[in-house]
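Colleague: Got a structure for you, questions after.
The values are calculated or read from the model by the stated rules, or taken from the named source; none is laboratory data. None of the values given here were measured: they were computed from a predicted structure. Note: ideal-geometry Cβ built from the backbone for every residue, glycine included; neighbour counts use all protein chains shown. The protein model used for the area step is the full one, side chains on, heavy atoms only, and it has no ligands, DNA or RNA in it. Shrake-Rupley method; radii C 1.70, N 1.55, O 1.52, S 1.80 Å.
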Amino acid sequence: MTAAIATTGLTKRFGATTAVDDLTLEIPHGEVFGFLGPNGAGKTTTIRLLLGLIRPDAGSARVQGHDAWADPVEAHRHLAVVTADPALWPQLTAHETFDLLANLHGGCDAAYRDELIERFDLDPDKTLRAFSTGNRQKVALIAAFMRRPDVLVFDEPTSGLDPLRKVVFRECLAEAKARGQTIFLSSHLLVEVEESADRVGLLRRGRLVEVGT
């Protein structure tokens, strides 16, 4: 069976700096994979390669069997992503944002969306420009979970969340895993991934130095 996420010899250089160095990784369906490393280790660059936002200098990245750079439309049909600083529309309300993203991606589970709004304690009728950083993060997380995609990619996803909402986030991760979704969770915080991840990969200076439970 095709892996949910697979990289082979993935390499990206910026001038004299090698940000990702010969990364080979396979993440099976239904796994929560923690991607750990200090700031500057290459975690975000790896995610940008997985999303097809930048071209690798060598190797490949595939999502659900689709090449992230050569076939990004098909790859993105299967995934949702949340970054530490999500780019959203400040003039829209949270509800309008959810409706727009649902229409772009062919719908969502509306009942689950409403449940998530309540669990994350979000006022969906406020415009995003009126939200704090933490509340904007809640919008991005709800938008990702409500679609129930095959693959969820998170890059420092709890930035700005209060401790109670971090617990809700971990509960949502467990629910997504129980549904068979694959989760790629990138963080520089060990405690954030060790409670949720089945396996952890440690990235240092662009190289994967360890993978284990």
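Colleague: With (1) touching a residue at least 60 places away in the same chain (Cβ under 8 Å); (2) surrounded by fewer than 18 Cβ atoms within 10 Å (Cβ to Cβ) as the list, and PHE154 as the residue in question, which single condition is left unmet?
Modeller: Status for PHE154: all satisfied but (2).
Colleague: Looking only at residues in segment 1-18 that are among the aliphatic types (A, V, I, L, M) and surrounded by 22 or more Cβ atoms within 10 Å (Cβ to Cβ), which one is farthest from THR213 (Cα to Cα)?
Modeller: The qualifying residue farthest from THR213 (Cα to Cα) is LEU10.
Colleague: All but one of (1) of a type in the set (S, T, N, Q); (2) at pLDDT below 95; (3) over 17 Å from the mean Cα position of the chain (by Cα) hold for SER60; state the number of the condition that does not hold.
Modeller: (2)
Colleague: Quick one: is ALA41 of a type in the set (A, V, I, L, M, F, W, C), open to solvent by less than 70 Å² (accessible area, probe 1.4 Å) and assigned to a loop (DSSP other than H, G, I, E, B)?
Modeller: yes
Colleague: If a residue has to be touching a residue at least 12 places away in the same chain (Cβ under 8 Å), of a type outside the set (Lys, Arg) and either in a loop (DSSP other than H, G, I, E, B) or surrounded by fewer than 20 Cβ atoms within 10 Å (Cβ to Cβ) (or both) to count, how many in segment 49-65 make the cut?
Modeller: Selection size over segment 49-65: 10.
Colleague: If you don't mind, there's one more thing I want to ask. Of all the residues that make up segment 74-110, how many are buried (at least 17 other Cβ atoms within 10 Å of the Cβ), assigned to a helix (DSSP H, G or I) and in contact with a strand residue (DSSP E or B) (Cβ under 7 Å, 6 or more places away or on another chain)?
Modeller: Selection size over segment 74-110: 1.
Colleague: List pairs: first in segment 112-134 and of a type in the set (S, T, N, Q), second open to solvent by less than 70 Å² (accessible area, probe 1.4 Å) and assigned to a strand (DSSP E or B), Cβ under 8 Å, 6+ apart or cross-chain?
Modeller: Matching pairs, first to second residue: THR127/THR93.
Colleague: Does segment 190-213 hold any residues that are of a type outside the set (Asp, Glu) and free of Cβ contacts under 8 Å to residues at least 24 places away in the same chain, and which are they?
Modeller: Those that are of a type outside the set (Asp, Glu) and free of Cβ contacts under 8 Å to residues at least 24 places away in the same chain: VAL191, VAL209, GLY212, THR213.
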